[in-house]
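Step one of this worksheet: look at the structure below.
The values are calculated or read from the model by the stated rules, or taken from the named source; none is laboratory data. All values derive from a computational prediction rather than experimental measurement. Ideal geometry is used to build each Cβ from the backbone, glycine not excepted, and the neighbour counts take in all protein chains shown.
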């Protein structure tokens, strides 16, 4: 049986019909190579809850049909590992023909020993091969195996596929709390002074435990823009910033021009 395993990075969602079409268009394996049936592959990829932050690695990728289908349908990146040189060649041709070579890398090597990075996986492998891959699979976020469960790994079954999901603890945000008095309503209170009575609306308070609001860091104040000081001339106790007239014989204007510009 030909083995497949995937770890996926996806950016878009798609319908099962679109995925089925993508799988069927890329089923080019030789007659002696048994790949995952198209309808089963559709179900597997859909149940893996692929999203924009995932990367797809296909261990024993064969002709890369699963990689091409996932990448074209969900917009993921992918990495495939294939030990058979002939299937490796077909996988390279398949990703080129599908126009996804910029998002899929095919590696010639042994899936059980070749290091790859990813967070979601799929496999179609014999149990002994799955057992050898187990240390890699437990580092994933989600994993699915067609036909066979991974020995020693607690998995749930859906049809012919086994699923596993990591139980990594999610980081818990530390929240500080305080108490505050809040007005929850008003009530009428009667007042009397012996001669007359009147009513007032008095607030009803309740003490509540509320989270402390995080203070945003203060934005630095913009530095003041330095402005050029306009030169000023003085005549008769008054300030001037230019000539008053254009007469060359005006004593006052000549004095102002001399102060401002050093000329008359």
Might you let me know whether the stretch 169-177 holds any residue that is at pLDDT 85 or above and either touching a helix residue (DSSP H, G or I) at 6+ places or on another chain (Cβ under 7 Å) or part of a loop (DSSP other than H, G, I, E, B) (or both)? no
Within the stretch 113-125, can one find any residue that is part of a strand (DSSP E or B) and surrounded by fewer than 23 Cβ atoms within 10 Å (Cβ to Cβ)? no
Looking at (1) within 27 Å of the chain's Cα centre (by Cα); (2) at pLDDT below 80; (3) buried (at least 19 other Cβ atoms within 10 Å of the Cβ), can you tell me which one residue 106 breaks? (2)
Where residues in the stretch 63-103 are more than 23 Å from residue 49 (Cα to Cα) and at pLDDT below 90, which of them is surrounded by the most Cβ atoms within 10 Å (Cβ to Cβ)? 82
Take the conditions touching a strand residue (DSSP E or B) at 6+ places or on another chain (Cβ under 8 Å) and farther than 30 Å from residue 48 by Cβ and apply them to residue 190. Does it pass? yes
Residue under question is residue 140, and the condition is that it be out of contact with any helix residue (DSSP H, G or I) (no Cβ under 6 Å at 6 or more places or on another chain), within 25 Å of residue 160 (Cα to Cα), in contact (Cβ under 8 Å) with a residue 40 or more places away in the chain and assigned to a loop (DSSP other than H, G, I, E, B); does it hold? yes
Residue 191 meets each of (1) more than 21 Å from residue 84 (Cβ to Cβ); (2) assigned by TED's automatic domain parsing to the domain that holds residue 61; (3) surrounded by fewer than 10 Cβ atoms within 10 Å (Cβ to Cβ) with one exception, condition (2)
Criterion first (more than 29 Å from the chain's Cα centre (by Cα), over 30 Å from residue 127 (Cα atoms) and in the same structural domain as residue 252 (by TED's automatic domain parsing)) does residue 237 satisfy it? yes
Would you call residue 128 surrounded by fewer than 13 Cβ atoms within 10 Å (Cβ to Cβ), in the same structural domain as residue 73 (by TED's automatic domain parsing) and part of a helix (DSSP H, G or I)? yes
Looking at the stretch 205-230, which of the residues that are at pLDDT below 80 and surrounded by 10 or more Cβ atoms within 10 Å (Cβ to Cβ) is nearest to residue 177 (Cα to Cα)? 210
When (1) over 30 Å from residue 181 (Cα atoms); (2) modelled with pLDDT under 75; (3) loosely packed, with under 10 Cβ neighbours inside 10 Å are applied to residue 236, the one that fails is (2)
Selection from the stretch 138-159 of residues that are in contact with a strand residue (DSSP E or B) (Cβ under 6 Å, 6 or more places away or on another chain) and within 17 Å of residue 36 (Cα to Cα): 143, 144, 145, 146, 149
